[in-house]
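Visitor: Would you mind keeping the following structure in view while I ask a few things?
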Amino acid sequence: MDTVADTEPDPFDAIVDAPFDSALSERYLVYALSTITARSLPDLRDGLKPVHRRLLWAMRQLKLDPASAFKKSARVVGDVIGKYHPHGDASVYDAMVRLAQDFALRYPLVEGQGNFGNIDGDNAAAYRYTEARLTPTAIRLMAGLDEGTVDFAPTYNGEEEEPEIFPGLFPNLLANGASGIAVGMATSIPSHNVAEVIDATLELIDNPHVEHSRLMELFHGPDFPTGGVIVDSPAAISTAYETGRGAFRVRGRFFAAEAEKAEDREAGIERLGGGQWQLVISEIPYMVQKGKLIEQIAQAIADKKLPILDDVRDESDERIRIVLVPRSRNVEPELLKESLYRLTDLESRFSLNLNVLDASRTPMVMGLKELLTNWVASQIDILQRRSRHRLEKIAARLELVEGYIIAFLNLDRIIEIIRTEDEPKPVMMAEFSLTDRQAEAILNMRLRSLRKLEEMELRQERDDLLAERDELEKLLESPARQRTRMKRDLNALRKEYGEDTALGRRRTTIAEAVPTVEFTMDAMIEKEPITVILSQRGWIRAARGHVPLDGDFKFKEGDGPAFAIHAQTTDKLLVAADNGRFYTLGADKLPGARGFGEPIRTMVDIESEAQIVSLLAYKHKGQLLLASSAGKGFAAEMEELLAETRKGRQVMNVKPGVKLAVVREIAARHDHVAVVGDNRKLVIFALEELPVLARGQGVTLQRYRDGGLSDATTLTMEEGLSWTMGGESGRVRSEKDVMLWKVARGAAGRLPPTGFPRDDRF
């Protein structure tokens, strides 16, 4: 007999067999789309992400308008995560804090009371200690929420509703900007000046086919909360806004408010008397923490990267004031500024990526014109919805007013019906042709309202409503009227955020950087001659002056000389290992020659099994001949050999058992290459046959049946081939006529001239 349990469907029957990769990709796509549309990208229409929208909506529901008292931030955060945004409280509070920071938002949407963090990088106090309310800007952004302008969607639990967007005319997307990282895409929008955004919008409304260049005459570029100077060219800025992608170089501002001369004030120079002076930084780039910047400068001084700077002091109060003290009064101020731009975050880059969700919630990268066009279209739609909603309210009120007028004209009869009839409503409706709403409204009137029933007032209200209705109907029928209405509203908004207001004044200067003092790190180093000594075991040091290279240098027991070269403290040294990697050392950073020096492997990461084959000073536009033990090689530009990190740069690719054997500088006058193998065969070929590469194995220089390459060099054909004689004589022997050995690259060659060294090396 079947039991009830046996007849119930098995819940596991719902399991569907599916390929793992397709199931995974389908779920990942759902996650990616939710991240894009519901978390990371702002909506074009109000410039907000869901978390920010829910924060402001919750604060509005709590009636935290600018005229009301502050309430605890914990109350706001609790409402947001309980009713609208089921995420962690920390993320919600962080979003709220950012909305309140005047150094993070150009036009703050939350007014905070208490510690909401600072530009030094300190965090805000916990939400139980801080209080908040909305700013007038936030109120303008939410204006019209009760006027049928936007759709409302149920919250995550279906208990309440929340607006899909905010309908206010405030252009929040461009005004406050946005940043976010989604899945496979990101957005980065700087803040801008509201007055400029409105000017560009008005121009677009008047002329929908306006050229981008005309918009950029009105819309100049970013306007960061922290001020600073944008030093890119107008053409570069215009291109970025035309495509929706680009980047801006933002510098801090040097300004000395207390300087006597106007040129000193603008240059940020304070004169101290006796020829002494100091620089003052009054503004720093956006998103740069002041504390971190000062640490960077102090570290650069400690690391001797800024020897022309003596000290940095933070004398900030409400205003930023960072004082820089030069090493001496003879330091060039512009050189000091340029060095700070290069070495610290006093110059930073802010990327532009106008990736937003359009009205259909589709992510899209837009140019300025397209973005403004879409925003105007959304505001026109909101205007139409507001007008239709108002028409409905007018129709409902007109119905009641008409009923009140009838009641006024027949007041005694109305009172009689109410007093005598058991069901007065149908009697009134039949006798005076009233609608159900009109009759109900009359019956629900309080006695004290009877004194307000004056015919003139009722008729005046009716006339006003009819006139308003006519205007709204004309507005809905005429796109031109809608554009005119929007222009009027935008002009009114512009007055509140104009250049003459404290909030509307442009803070960021846009000025293309003028050619400054050419800055290189060499300028930070005092040029002195040195002799660099590298031992066989890899200990390196630098002796002052150019001493004889064959001098009597002391080494540790069991160690001896390997390389010795003359250089300057401003030089970069190239160190080549037999594994084909090149490393770069600053000559000024080498230890002195009083001791045995330091192991070179503490300065650069040379592999333990690799051997150093060459040490030489970098020369601008110099070339090197590189050859492997397998007889392959190429020419390399010295610029391509410089390494930025300790790990060096792989230049010659060598196979197992093959090593980099020869590293020689190619003199400018040399026109041929000479190669000798272990088989004591010599070939000479034209230098033009040798390719110039940045990296690779190279080409075959000489063909071998057995053995490999012994040595290679370059020469001038007219001067012939020269080599050092054996022994300690130091004599040099030359062979002028070398045409006998001149062949095409890759030949086997023939025996060298008589007297060529037995070790087969030049």
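We did not get these values from a lab; they are worked out from the coordinates using the rules stated. Nothing here was measured: the structure is a model prediction, and the numbers come from that model. Virtual Cβ from ideal backbone geometry, glycine too; neighbours counted across all protein chains shown.
Visitor: Putting +1 on Lys and Arg Cβ atoms and -1 on Asp and Glu Cβ atoms, find which of L701, G720, N679 reaches farthest to the positive end of the dipole of the stretch 619-762.
Guide: N679
Visitor: Projecting each Cα onto the charge dipole of the chain (Lys/Arg +1, Asp/Glu -1 at the beta carbon, about the Cα centre), which of V77, F553, M428 comes out farthest on the positive side?
Guide: Selected residue: F553.
Visitor: What's the angle, to the nearest 10 degrees (0 to 90), between helix 368-409's Cα axis and the longest principal axis of the chain?
Guide: Computed tilt is about 10 degrees.
Visitor: Another one. Sorted from fewest to most neighbouring beta carbons within 10 Å, what does the list L218, L466 look like?
Guide: If I rank by nearby Cβ atoms, fewest first, I get L466, L218.
Visitor: At 0.36 nm per residue, minus the direct Cα-Cα distance, what do N491 and A694 gain on full extension? Give it in nm, one decimal, please. Walk me through the numbers on the way to the answer.
Guide: Values: separation 203, 0.36 × 203 = 73.08 nm, distance 5.97 nm.
Using 0.36 nm per residue and subtracting the Cα-Cα distance, I get 67.1 nm.
Visitor: Next up: Which residues does a label at L466 reach in the stretch 402-419, if reach means a backbone N under 13 Å from a point 7 Å past the Cα toward the Cβ?
Guide: Residues passing the 13 Å test: 402.
Visitor: Return the sequence-ordered ³J(HN,Hα) values of the stretch 185-199 in whole Hz as given by the Karplus equation 6.51 cos²θ - 1.76 cosθ + 1.60 applied to θ = phi - 60°, using x for Gly and Pro.
Guide: 7, 8, 9, 8, 10, x, 7, 9, 7, 4, 4, 5, 4, 5, 4
Visitor: Subtract the Cα-Cα distance of E416 and E431 from 0.36 nm times their separation in residues, and report this length gain in nm to one decimal. Provide the component values of the computation, followed by the final result.
Guide: Details: separation 15, 0.36 × 15 = 5.40 nm, distance 1.26 nm.
Extra length available between E416 and E431 comes to 4.1 nm.
Visitor: Here is a further query. Taking R0 as 30 Å, what FRET efficiency do you get between D102 and D21 from their Cβ-Cβ distance, rounded to the nearest 0.05?
Guide: Once rounded, the FRET efficiency stands at 0.05.
Visitor: Assigning unit charges at the beta carbon (Lys, Arg +1; Asp, Glu -1) and nothing else, what dipole magnitude in debye, to the nearest 20, does the chain show about its Cα centre? Before the final figure, lay out each step's value.
Guide: On the way: 101 positive and 119 negative charges, 618 e Å.
Result for the chain is approximately 2960 debye, rounded to the nearest 20.
Visitor: At 7 Å along Cα-to-Cβ for each site, give me the label-to-label distance between N679 and L740 in nm.
Guide: Those two pseudo-labels are separated by 1.9 nm.
Visitor: Under the Karplus relation 6.51 cos²θ - 1.76 cosθ + 1.60, θ = phi - 60°, what is the ordered set of whole-Hz ³J(HN,Hα) values for the stretch 627-642, x standing for Gly and Pro?
Guide: These are the phi-based 3J(HN,Hα) values: 9, 9, 5, 7, x, 10, x, 6, 9, 10, 6, 4, 4, 7, 9, 5 Hz.
Visitor: Quick one, can you get me the convex hull of the C-alpha atoms of the stretch 41-168 expressed as volume per residue in Å³?
Guide: Roughly 105 Å³ of hull volume per residue.
Visitor: Based on a Kirkwood Rh over C-alpha pairs, give the Stokes-Einstein translational diffusion coefficient of the stretch 122-270 at 4 °C and viscosity 1.567 mPa s in µm²/s.
Guide: 67 µm²/s
Visitor: Hey, another quick one. Whole Å is fine, so just give me how far the alpha carbon centre of the stretch 103-122 lies from that of the stretch 391-433.
Guide: Each part's Cα centre sits 57 Å from the other's.
Visitor: Something else: At 7 Å along Cα-to-Cβ for each site, give me the label-to-label distance between E260 and V183 in nm.
Guide: Once both label points are built, they end up 6.7 nm from each other.
Visitor: Let's see if you can work this out: charge +1 on each Lys and Arg Cβ, -1 on each Asp and Glu Cβ, no other charges. What is the dipole magnitude of the stretch 41-168 about its Cα centre, in debye to the nearest 20?
Guide: The dipole of the stretch 41-168 has a size of about 280 debye.
Visitor: For a distance above 22 Å, tell me the whole-number percent of Cα pairs in the stretch 253-345 that qualify. Don't skip to the answer; put the middle values down first.
Guide: Details: 898 of 4278 pairs.
Cα-Cα pairs in the stretch 253-345 separated by more than 22 Å: 21 percent.
Visitor: Kirkwood hydrodynamic radius for the stretch 619-762: how many Å is it when counted over pairs of different Cα atoms?
Guide: It works out to 15.7 Å.
Visitor: First measure r as the distance between the Cβ atoms of E402 and Y28, then evaluate 1/(1 + (r/R0)^6) with R0 = 45 Å and state the FRET efficiency to the nearest 0.05.
Guide: Efficiency computed from Cβ-Cβ geometry: 0.15.
Visitor: Could I ask something else about it? Between the stretch 284-328 and the stretch 693-757, what is the separation of their alpha carbon centroids in Å?
Guide: 57 Å
Visitor: Using helices alone, I'd like the mean residue ellipticity at 222 nm for the chain: each DSSP H run of four-plus residues gives -39500 (n - 2.57), total over residue count, nearest 500. Write out the running numbers ahead of the final one.
Guide: Values: 19 runs with 232 residues, N = 762.
My calculation for the chain gives -9500 deg cm²/dmol from helical runs alone.
Visitor: Same structure, new question: How many angstrom lie between the Cα centre of the stretch 348-372 and the Cα centre of the stretch 554-621?
Guide: Here the answer is 51 Å between Cα centres.
Visitor: Taking R0 as 60 Å, what FRET efficiency do you get between R731 and Q299 from their Cβ-Cβ distance, rounded to the nearest 0.05?
Guide: Working: r = 54 Å, r/R0 = 0.90.
Once the sixth-power term is evaluated, E becomes 0.65.
Visitor: For a label point 7 angstrom out from the Cα of H566 toward its Cβ, which stretches of the stretch 633-670 have the backbone nitrogen within less than 11 Å?
Guide: Residues passing the 11 Å test: none.
Visitor: Would you order F685, F756, F224 from fewest to most other beta-carbon atoms within 10 Å of each residue's own beta-carbon? List each step's numbers first, then the result.
Guide: Values: F685 21, F756 18, F224 24.
So the residues, fewest neighbours to most, are F756, F685, F224.
Visitor: Could you work out how much longer the chain between M364 and A235 gets when fully extended? Use 0.36 nm per residue separation minus the Cα distance between them, nm to one decimal.
Guide: Full-extension gain reported as 44.1 nm.
Visitor: Same structure, new question: For Kirkwood radius over Cα pairs in Å, the listed values are (1) 34.1; (2) 30.3; (3) 29.2; which was obtained by calculation from the structure presented?
Guide: Only one option fits the structure, namely (1).
Visitor: Toward the positive end of the charge dipole of the chain, about the Cα centre and with charges on Cβ (Lys, Arg +1; Asp, Glu -1), which of A667, V331, L169 goes farthest?
Guide: Positive-most Cα among the choices belongs to A667.
Visitor: Just how large is the dipole of the stretch 409-472 about the Cα centre, in debye to the nearest 20, putting +1 at every Lys and Arg Cβ and -1 at every Asp and Glu Cβ?
Guide: In debye, rounded to 20, the stretch 409-472 gives about 320.
Visitor: In nm, to one decimal, how far is the modelled label at T645 from the one at S351, with both set 7 Å along Cα→Cβ?
Guide: Between T645 and S351, the simple spin-label model gives 1.9 nm.
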